[in-house]
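One structure is given here, and the rest of the page talks about it.
The values are calculated or read from the model by the stated rules, or taken from the named source; none is laboratory data. For clarity, every value in this text was computed on a predicted model and none was experimentally measured. A quick note on method: Cβ atoms are made from the backbone with ideal geometry, for glycine too, and the neighbour counts reach across all protein chains shown.
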Amino acid sequence: MKLRFSQFGFFALTLLVSDVTFAATEAHGEAAEKGLPQFDPTWFPSQIFWLFVMFGLLYLFFANKTLPALSKVIDNRRNLIESEMEEAENLTAKAKAVQETYEANLAKARLNSTSEITKVEDKIKADMAKAEAEFRARAEKEMAKLEKSIEKSKAQVMAELESMVAVLTAEAVEKLADISIKPAEVQKLVGEIANDTDTKEAA
């Protein structure tokens with residue numbers, strides 16, 4: 001999971017900076033002809049070098065801070081689900097014990113009379129049906145609550161991640177291409193790239 005998020009963050013950032021750099025090149029084509037250093041081919045190797053340095057620093061930042069935090073949240077939710085599953089197994093064991101008690105009582109009742117057997121059987125069945133219904137309702141409620149909590153945590157972490165990517169990318173573009181771009185515009189572009197990536201993966 002951690003590796004997958006790392007690859008996604010690096011891939012999205014690469015596409016973002018590529019698009020921004022391409023847009024900056026077109027927007028400043030005339031400026032390049034007038035001799036701006038950042039558009040002078042003799043400076044391209046240095047610019048490319050620092051671009052990779054920035055990519056490396058951003059990758060290390062996300063891999064060592066943001067993504068581990070997201071993985072920790074997911075692990076905590078997974079542990080909580082496993083705990084609920086253990087409780088479900090315990091309830092299943094109790095239901096089995098009730099079943100065994102029912103069978104023992106049924107065998108005992110057969111020694112008495114048909115009417116007693118019917119009473120015991122109906123009572124045990126009603127108790128089992130009630131216990132099963134309560135268990136199912138509780139399990140479904142807990143699972144729905146857990147899924148909702150996990151989705152909320154993922155959404156919060158991804159929103160924070162996109163915000164940090166937007167700020168850092170805006171700073172990188174301003175330093176490398178001498179272009180001032182608002183983090184909100186970068187964040188919007190990141191969202192569009194992420195949506196396109198999700199659409200392609202779904203296809």
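Scanning region 164-192 for residues that are outside any helix (DSSP H, G or I) and of a type in the set (Val, Ile, Thr) yields Ile179, Ile181. Summed over region 149-187, the residues that are more than 30 Å from Asp40 (Cα to Cα) and of a type in the set (Lys, Arg) give a count of 2. Would region 139-149 turn up any residue that is assigned to a helix (DSSP H, G or I), farther than 30 Å from Ser71 by Cβ and charged (D, E, K, R)? Scanning region 139-149, I find no residue that is assigned to a helix (DSSP H, G or I), farther than 30 Å from Ser71 by Cβ and charged (D, E, K, R), so the answer is no. Looking for something of a type outside the set (Phe, Trp, Tyr), at pLDDT 85 or above and in contact with a Leu (Cβ under 9 Å, 6 or more places away or on another chain) - is there at least one such residue anywhere in region 88-105? Within region 88-105, none of the residues are of a type outside the set (Phe, Trp, Tyr), at pLDDT 85 or above and in contact with a Leu (Cβ under 9 Å, 6 or more places away or on another chain).
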